[in-house]
Amino acid sequence: MKVALIKERKNPPDRRVVLTPKQAKELIEIYPDLDIVVEKSDLRAFSDEEYSEMGIPVVEDVSDADVLLGVKEVPVQALIPNKKYFFFSHTIKKQPYNRPLLQAILDKNIDLYDHETIVDDQGRRLVAFGYYAGVVGAYNTIRAYGKKTGLFDLPRAIDLKDKNALYDALKKIKPLLPPLKIVLTGKGRVGNGAKEVLDAMGLKEVSPEEFLNQTFKEPVYTQIDVDWYNKRKDGGTFDFQEFFTRPELYEGDFGKFTKVADIYIAGHFYGQGAPYILTKEHLQSPDNQIKVVGDISCDINGPVASTIKASTIDNPIYGYNPQTGEEMDYKDEKAIACMTVDNLPNEIARDASEGFGENFVKYIIPAFFNGDKDGILKRAQMTHKGQLTERFKYLQDYVDGKE
């Protein structure tokens, strides 16, 4: 089997890779029937020379490979027919902007395995960049607070060597922080990546009750799950299983946090039909205290009202006018400073690639050589012979342009 690491062609450019040079070398040593090549690229966090030094051929043409590994969406014109592709297609939620991509994949008889669909038999994702999104997202949010207030000026994450350099930079600015309060939503990969940053800064974690009801002489944060920012409409007891299966029975209850928090870091997973979290009404309220929002999840016009667009690594901060719902200068006194970069792991691309690749090596490559005994490839496969597979038949109307 011949596997190719393909050049990332989406704009803005992405520097991450599915396999690092060291991981690629280890794989070909483990599997004698595996060949790995790398498509020539000057964009990657790992250079062509680093792959060559590990004995991995760097080539101009990957059309003879059986399996093509990428990170972001492959442009339609670059798709090679009759191949197996792995990349984030951003189609499983019926994203309108990528309908032509899924249509082209079917037309070109491509077997698509979306990284997001690679799950175990319990539906838990096996490969993801979420933790690294959380790390960079939290860093960027603290940086946005410094920019907004003028208290300090952190370097861009992308200009630092690695994750540890981010932590070193943050530790230096802790003495400059007033006794502010940070609320973090989410306890998955993203939320816990963000929490690691706040802990590395030396910030004190407090319980939600303490956060809401006490004042502190130092900066603090609290990490909350869905039961803290949603409640049953009928006043009944919160039930996690019910919330995820029947979200219409619940309404948002985040307003109590907007009255006391200075910074909101959104690291949650948002399910279809769930109540919105940070609403326009919250931000328009005279008792709103939030001045900086870091929306790592970045669902545009979704559960965080101030997320009206995705920001970029070059321009990560914009201002949200709570009265008009429009963009404004984030340094304006009336503005909420918003950080909504949607490719955060790209800022620490080497760290993120190593972490992602570890799990790809552990779970995915073996499945090609053990008969897919755990069903990982079968569950992940979205298309085959020009058709959607059974698990993804729900996308047919989306493909047909009916929704």
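Each reported figure results from applying straightforward, stated rules to the coordinates on display, with no laboratory input. The shown structure was predicted, so the numbers you read here are calculated from the model rather than taken from an experiment. Note: ideal-geometry Cβ built from the backbone for every residue, glycine included; neighbour counts use all protein chains shown.
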**Prompt:** What are the residue pairs meeting all of these: first residue in region 116-137, first residue over 19 Å from residue 350 (Cα atoms), second residue in a helix (DSSP H, G or I) and of a type in the set (Gly, Ala, Ser), Cβ atoms under 7 Å, and 6 or more apart or on different chains?
**Reply:** 117/380; 118/380
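Identify, please: which residue in region 202-240 is of a type in the set (Ser, Thr, Tyr) and surrounded by 15 or more Cβ atoms within 10 Å (Cβ to Cβ) and is, among those, nearest to residue 176 (Cα to Cα)? Break it down stepwise before answering.
Going residue by residue through region 202-240, those that are of a type in the set (Ser, Thr, Tyr) are 207, 215, 221-222, 229, 237.
Filter once more, so that each one left must be surrounded by 15 or more Cβ atoms within 10 Å (Cβ to Cβ): 221-222, 229.
Working: 221: 16, 222: 20, 229: 30 Å.
By that ranking, first place goes to 221.
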**Prompt:** Here are some residues: 336, 290, 376, 364. Which one is more than 30 Å from residue 164 (Cα to Cα), in contact (Cβ under 8 Å) with a residue 40 or more places away in the chain and either aromatic (Phe, Trp, Tyr) or surrounded by 13 or more Cβ atoms within 10 Å (Cβ to Cβ) (or both)?
**Reply:** 376
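Check whether at least one residue in region 379-396 is polar (S, T, N, Q) and without any contact (Cβ under 8 Å) to a residue 60 or more places away in the chain, and report yes or no. Before the answer, list the steps.
Start the filter on region 379-396 by keeping residues that are polar (S, T, N, Q), which leaves 381, 383, 387, 389, 396.
Now drop any that are not without any contact (Cβ under 8 Å) to a residue 60 or more places away in the chain, which leaves 389, 396.
Checked against the condition, which is being polar (S, T, N, Q) and without any contact (Cβ under 8 Å) to a residue 60 or more places away in the chain, region 379-396 yields at least one hit.
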**Request:** Please work out which one of (1) surrounded by 13 or more Cβ atoms within 10 Å (Cβ to Cβ); (2) over 28 Å from residue 19 (Cα atoms) is the condition residue 397 fails and give its number.
**Result:** (1)
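Residues that are polar (S, T, N, Q), under 28 Å from residue 342 (Cβ atoms) and in contact (Cβ under 8 Å) with a residue 12 or more places away in the chain: find the strands (runs of 3 or more DSSP E) completely inside region 189-272 holding 1 or more of those.
Working: elements: 220-224, 230-232, 250-252, 263-266.
It comes to 220-224, 230-232.
Quick one: in region 297-317, which of the residues that are hydroxyl-bearing (Ser, Thr, Tyr) and surrounded by fewer than 22 Cβ atoms within 10 Å (Cβ to Cβ) is nearest to residue 281 (Cα to Cα)? Before you say what the answer is, go through the steps one by one.
Residues of region 297-317 that are hydroxyl-bearing (Ser, Thr, Tyr), as a first pass: 297, 306-307, 311-312.
Subset that is surrounded by fewer than 22 Cβ atoms within 10 Å (Cβ to Cβ): 311-312.
Working: 311: 23, 312: 27 Å.
By that ranking, first place goes to 311.
Kindly provide the set of residues from region 69-92 that are in a loop (DSSP other than H, G, I, E, B), free of Cβ contacts under 8 Å to residues at least 60 places away in the same chain and more than 16 Å from residue 3 (Cα to Cα), ordered by number.
Of the residues in region 69-92, the ones in a loop (DSSP other than H, G, I, E, B) are 70-75, 79-83, 88-92.
Within this subset, residues satisfying the condition of being free of Cβ contacts under 8 Å to residues at least 60 places away in the same chain are 79-83, 88, 90.
Hits for region 69-92 are 88, 90.
Considering region 163-187 alone, what residues qualify as being under 21 Å from the mean Cα position of the chain (by Cα), hydrophobic (A, V, I, L, M, F, W, C) and closer than 26 Å to residue 288 by Cα?
Of region 163-187, the ones under 21 Å from the mean Cα position of the chain (by Cα) are 163-167, 182-187.
Next cut, hydrophobic (A, V, I, L, M, F, W, C) only: 165-166, 182-184.
Across region 163-187, the qualifying residues are 182, 183, 184.
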